[in-house]
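Every read-out reported here was derived from the displayed coordinates using simple, explicitly stated rules and does not represent laboratory data. This is a predicted model, so every value here is computed, not measured. Ideal geometry is used to build each Cβ from the backbone, glycine not excepted, and the neighbour counts take in all protein chains shown.
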Amino acid sequence: MNRFMKVSSVLALALVATAATAQAQSANINVTANVFQALTVVGNSNLDFGNVFPGVNKTIGVTDAGAGKYSVTVGQAGANVNLSFTLPADLVGPGAALLPVGSWTGHWAATDVTSGGTTFVPGPGNEAATLSGTGLLFVYIGAQVTPAAAQAAGAYTAVATMTVAYF
Amino acid sequence: MNRAPPLVLALLALSVVPVQGQTSVSGVRDLAFGALPVGITTIILPTDPIKSGQWNMTSPVRSRVFFRLTLPSQLNGPGGATMPVDFRNGDAFILEVAAGAQPEYFNPGGNVNHRFTGSNQAIIRLGGRATPAPGQRSGAYSNTVVLTISNIQ
Amino acid sequence: MTRTPCWLLALCLVVPGSARAQGVLVAPHALFIDHQTRSGWIQLHNPGAEPAEVSLSLLFGYPVTDSLGYLELKLVEQPDSTFPSAMGWIQAFPRRVVVPPQGHQTIRLMVRPPANLADGEYWARVMIAAKGGTAPIQTTDTTTGIQVGLTLEVRTILPLLYRKGTLQTGVALSQLRAERVGDSLVVRTRMARTGSAVFLGTVTAALVDQAGAEVAGFQAPISVYYDIEPRFALSMAGLPQGGYRLRLEVASSRDDIAPELVLPAATVRDSIPIRVR
C-alpha cells in the first residue's frame, strides 16, 4: 500500500471515528426556586346573632353556631404570634340608631375546636398565641348585644378587626 | 481496477449521512420559578419570556433531530430539604426561528423529534409547576434538566 | 290595646370573614432588605371568592415579654434616635390595591436611608390590612326588604429588618428555671442579645430521664431584639416520679427563613435538674 493510501486510510478512520463519537449531545439548564414562608389570616365566618328581639339580650358564645371564626396559618411549627382586636361598642342601624355590643369572649387553639384551648377576652391588648406543629391557629369570638325595649327595627352592622403580629 | 482511496470513500459516506457535528444545542436560560410562597402552586408557562427554561438548537434544514429531556422530580434545598416539581404534557415546545413558524408543543417527559424545515435554528422552551408544602423549609432550591439529542437523521 | 308589633331585628355583626372566607396570604412573613439593593417586595394572594382591598402602612415595634413571659409586640408611635427605626425611610408601591379573587399582587418596597448611615440593623413593622367585599345578609323583617352590607377586615403585622455592613449577633442565656403548672412544665429563661443585630434562632428543649432518654421536649422559633424572658411549656402528663434534667439549646437556625438571611451565632446551652414528685 503506497504512502498516499496509508495516510488517507488513517484520515478516513479519523473522520468516521469523529462522526461516530458525535452521536449524543446534551446541554443543561437549571431549575431554581426560592421558597418563602407565608402568613395567612382568614376571616372564615361572621359573628351572626340572627334574629334579635327588642329588650331581650342575646349572647353568642364561642361554642355557638353563630360564633365568629378566624384561622391563621404560618409555615413555622410552634411560632408565636400576637392577636389583638379592634371591636365596636355599638352596631349602627337605621337612622344612626345604635345597638350596644359587648361582653366579648374568645377562644384560640391549634386545632379547629371551640373548647379545650385557651379562652381570652378579645380586645386591643395583646393575646399571645402559639401555632400548632403544622403552623395553624383557630380563633373563635362571641359577644352579647343588648337591644333596648324601643330599639328601632332594621339591620345593624359593624366592623371588627383582628390583627395578627408575627415576631 | 483502481479502488477508490479510503479517504474518498469516507468523505462520500459522511456526505450521505448528515454531519452530526453540525447539530448543536446549548442551554441559555434556567427555568426560574422565583419566589414561591408556601401553599401556593406556581405555574410557569413555556411561553413565559423570562422565567421559562430555554435551549437553543442548531441543525441543518431538512434534518430530523430526536431528543429527550431528563427532568428532575424534585428540587433540592437547604439542609437536605426537597420540593416536588411537576412537568406535564404541553409544558414544553420547540419553535423554529423563522417567520410564520408555530410552536410545536410536546410532553417534556417523552421522546421528541423535530424536522427542521424553515430554518436551521430553533428554541426549546420548558415550563412547569411547583407547590411548596406547608412546613416547606425556606430557602433556595435547584436541580438540573438535561436535554439530550439522541439521534440525528 | 293593640300589642306592640314584635319587631324582628336581623343582625349580623361582621367580624373579618363574611359568609365566605375573606383574608389575605402575605409572603414572605419576614422581610429582609440589604443596604446594597435598598429594595424588597411583598407578595399578596387573595384566597377568597371576593375581591380584597389591601392597604399597607409602616410601624415601629419589637417583641417584649410580660411578667409571665408571654411575648407581645411593643409598638412605638414616634421612635426617637435611641431606636434603630427604619420606619421613615420606606416607601411602598402601591400602598393600596384591590386583589381579585384567587389573584395575587406584588408590592415593591423602596428604602431611602439617611446619608452616612452607620453600619447596623434597622427595624420596622409592615402592617397589611385586607378588607373584603360587602355580603348580603338574610333578614326576616316582615315589613321591609332590608339588605345589609358588611365590611370585613384582617390585619397582619410583619417584621422588616434593614441591614447595612457586617453584622454580628448572639444570645446569652441565664436564669433558666422551671415550675410545674398543672400537667405542664413551664420553662423560663432570660435571653440577652449581643452584637448589633436581631438574633433569629430556634429554641430546643429536652427533658431527659436519668438514663438519658428524652421523655418530653419542644422546639420553637425565637427572635431576640432586646433582652426578653420568654416562657415555654412542655407536657409532663404521665411522667413517673423521679429525677430529670432539662436541657435547653438556642441555635441560630430557622426552618422558616432562608439560611443566608439568618446571621450566624454561637449555639448556647443551659440545663437544670428537675424533680417530679
What residues have an amide H closer than 5 Å to that of C:Gly61, excluding those fewer than 5 places away on the same chain, when H is modeled at 1.01 Å from N in the peptide plane?
C:Val76, C:Arg125
Return C:Glu153, C:Glu249, C:Glu77 ranked ascending by Cβ neighbour count within 10 Å, so the fewest neighbours appear first.
C:Glu77, C:Glu249, C:Glu153
For the range B:26-61 and the range C:56-81, distance of Cα centres in Å:
43 Å
Report, to the nearest 10°, how far helix A:3-21 tilts away from the longest principal axis of the Cα atoms in chain A, using its own Cα long axis and a range of 0 to 90°.
10 degrees
What is the range C:169-276's relative contact order, in percent, from Cα pairs under 8 angstrom and six or more apart in sequence?
31 percent
Enter the mean number of other protein chain beta carbons within 10 Å of the beta carbon of each residue in B:30-36, as an integer.
6
Non-local amide H neighbours of B:Val97 (under 5 Å, H modeled in plane, Pro and chain starts lacking H): which ones?
B:Gln121, B:Ala122, B:Ile123
Tell me, what HN-Hα J-couplings in whole Hz come from the Karplus equation 6.51 cos²θ - 1.76 cosθ + 1.60 at θ = phi - 60° for each residue of the range C:62-78, using x for Gly and Pro?
7, x, 9, 10, 7, 5, 9, x, 7, 6, 9, 8, 9, 9, 10, 5, 10
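What does the highest-first list of B:100-110, C:220-230, C:22-32 look like by mean Cβ count within 10 Å?
C:22-32, C:220-230, B:100-110
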Just counting partner chain Cβ atoms within 10 Å, what average do the residues of peptide A:80-92 show around their Cβ?
3
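Taking the Cα centre of the range B:20-152 as origin, work out the dipole magnitude from +1 charges on Lys and Arg Cβ and -1 charges on Asp and Glu Cβ, in debye rounded to 20.
Details: 10 positive and 6 negative charges, 30 e Å.
Using only the charged Cβ atoms, the result is roughly 140 debye.
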HN-Hα J in Hz across the range A:80-95 - Karplus 6.51, -1.76, 1.60, θ = phi - 60°, x for Gly and Pro
9, 9, 10, 10, 9, 10, 10, 10, x, 8, 9, 8, 10, x, x, x
Please report how far the C-alpha centroid of the range B:85-142 lies from that of the range C:162-182, rounded to the nearest whole angstrom.
48 Å
Across peptide B:141-149, what mean number of C-beta atoms from other chains lies inside 10 Å of a residue's C-beta?
5
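Just need the relative contact order of the range A:39-166 here, percent rounded to a whole number, with Cα pairs under 8 Å and 6+ apart.
Values: 320 pairs, mean separation 47.1, N = 128.
After rounding, I find 37 percent.
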Amide H contacts of C:Ser85 (H built 1.01 Å from N, under 5 Å, at least 5 apart or other chain):
C:Trp123
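To the nearest 20 Debye, how big is the dipole of the range C:29-140 about its Cα centre, given +1 on the beta carbon of each Lys and Arg and -1 on that of each Asp and Glu? Walk me through the numbers before you get to the answer.
Working: 8 positive and 9 negative charges, 82 e Å.
Dipole size: approximately 400 debye.
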Karplus couplings for the range B:29-45 from phi (6.51 cos²θ - 1.76 cosθ + 1.60, θ = phi - 60°), rounded to Hz, Gly and Pro as x?
8, 6, 7, 10, 5, x, 7, 10, x, 4, x, 10, 7, 10, 10, 10, 7
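With the cut-off at 27 Å, tell me which of the pairs C:Lys131/C:Lys164; C:Lys74/C:Lys131; B:Lys51/C:Lys164 have Cα atoms farther apart than that.
Values: C:Lys131/C:Lys164 35 Å; C:Lys74/C:Lys131 24 Å; B:Lys51/C:Lys164 30 Å.
With Cα atoms farther than 27 Å apart: C:Lys131/C:Lys164; B:Lys51/C:Lys164.
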Between the range A:64-114 and the range C:192-252, how far is it from one alpha carbon centroid to the other, in angstrom?
31 Å
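Dipole of the range C:208-277, Cα-centred, from +1 at each Lys and Arg C-beta and -1 at each Asp and Glu C-beta, to the nearest 20 debye? Write down the numbers at each step before the final one.
Values: 7 positive and 9 negative charges, 83 e Å.
Here the range C:208-277 has a charge dipole of around 400 debye.
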